[in-house]
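Report on the structure given below.
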Amino acid sequence: MILILLGPPGAGKGTQAKRLAEERGLVQLSTGDMLRAAAAAGSELGRKAKVTMERGDLVSDDIIIAMIGERMEQPDCRKGAILDGFPRSLAQAEALDAMLAATGRGVDRVVEIKVDDEALVTRIAGRLTCAKCGSGYHDTFRRTKVEGVCDSCGGREFTRRADDIEATVRARLKVYNTQTAPLLPYYRQRGKLATVDGMGPMAAVEADIRAAVDGGKG
Ligand code: AP5
């Protein structure tokens, strides 16, 4: 199964993709995580991407398409994948269709997670990640069980993303509305799109996504 989670920054794509990937035994592919890993490794691609990401702009289609194409050829993607943060432009969506068609596959379902702009800013401003295992938390909405200790690995160091400051979040929202939102009619016309309300608690959003994935049309 090839499933795409679509939505603005902070909508909960990463949170929900992780849950669904674990439940279905599928790989979660996050282009944002791949780019941050490249930046942390200090590769040339990573250094260039870091500057673009910190401005809130999109990294070029060529780089992203090559990166995801290479990743999707790995054996762990044969059963399928949950795409989180890709595609983000019409060129990327068309490239994905061509990539999948070459192996007799196609996109099965696209789930849009809809959240109000002000809620997005609040969510992103409070986001933190365990530096050791990458588990995601939120200052208000998803706190660790023991203050300052990661539930998953016991790590005590947490990081915040450089692009999570309010001005950059607002720039990322503009980019979403101009460059990524046109994917909604693209997938709607192909009968692939379902929209879920992303404003509720994480478990409620998860249940709605599960229903949208399993229940056919949204
Ligand atoms: P990327 O890493 O993909 O960031 P994004 O799309 O902006 O999305 P986020 O990761 O910020 O949010 P999310 O929707 O995953 O929300 P999350 O689950 O974390 O991309 C970063 C940058 O990389 C881009 O700006 C671009 O430069 C570049 N890039 C990446 N892919 C690219 C591509 N394909 N093409 C070109 N450039 C690309 O949740 C957010 C917070 O809210 C968390 O703290 C979470 O705990 C909390 N939360 C989640 N759900 C709920 C809920 N229901 N209620 C309350 N809180 C919630």
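Worth pointing out:
- Residues being surrounded by 13 or more Cβ atoms within 10 Å (Cβ to Cβ), charged (D, E, K, R) and within 18 Å of Gly80 (Cα to Cα) - total across the range 186-218: 2
- Criterion: more than 15 Å from the chain's Cα centre (by Cα), hydrophobic (A, V, I, L, M, F, W, C), more than 10 Å from the ligand (Cβ to nearest atom) and assigned to a helix (DSSP H, G or I) - qualifying residue of Ala171, Ala211: Ala211
- In the range 123-152, the residues that are outside any loop (DSSP other than H, G, I, E, B), over 16 Å from the mean Cα position of the chain (by Cα), closer than 21 Å to Asp197 by Cα and without any contact (Cβ under 8 Å) to a residue 60 or more places away in the chain: Ala125, His138
- Filter pass, Asp151 being in contact with a strand residue (DSSP E or B) (Cβ under 6 Å, 6 or more places away or on another chain) and modelled with pLDDT of 95 or more: no
- Some residue of the range 121-130 being modelled with pLDDT of 95 or more and more than 10 Å from the ligand (Cβ to nearest atom): yes
- Of all residues in the range 155-178, those that are modelled with pLDDT of 95 or more have Cβ atoms under 9 Å from Cβ atoms of residues that are aromatic (Phe, Trp, Tyr) and surrounded by 15 or more Cβ atoms within 10 Å (Cβ to Cβ), 6 or more apart or on another chain, in Phe158/Tyr137.
- Selected residue (only one of Arg55, Arg88 is within 12 Å of the ligand (Cβ to nearest atom), out of contact with any Cys (no Cβ under 8 Å at 6 or more places or on another chain) and over 19 Å from Leu5 (Cβ atoms)): Arg55
- Reported count of residues in the range 87-116, each being in contact (Cβ under 8 Å) with a residue 12 or more places away in the chain and within 14 Å of Lys192 (Cβ to Cβ), is 12.
- Looking across the range 66-76, the residues that are surrounded by 16 or more Cβ atoms within 10 Å (Cβ to Cβ) and out of contact with any Pro (no Cβ under 9 Å at 6 or more places or on another chain) come down to Met67, Arg71, Met72.
- Of all positions in the range 9-30, none carries a residue that is over 23 Å from Asp197 (Cβ atoms), buried (at least 17 other Cβ atoms within 10 Å of the Cβ), within 8 Å of the ligand (Cβ to nearest atom) and modelled with pLDDT of 95 or more.
- Flag for Asp117 being within 11 Å of the ligand (Cβ to nearest atom), more than 24 Å from Gly191 (Cβ to Cβ), surrounded by fewer than 19 Cβ atoms within 10 Å (Cβ to Cβ) and not hydroxyl-bearing (Ser, Thr, Tyr): no
The values are calculated or read from the model by the stated rules, or taken from the named source; none is laboratory data. This structure is a prediction, so every number in the text was calculated from the model and none was measured. Here Cβ is always computed from backbone atoms with ideal geometry, including for glycine, and neighbour counts include all displayed protein chains.
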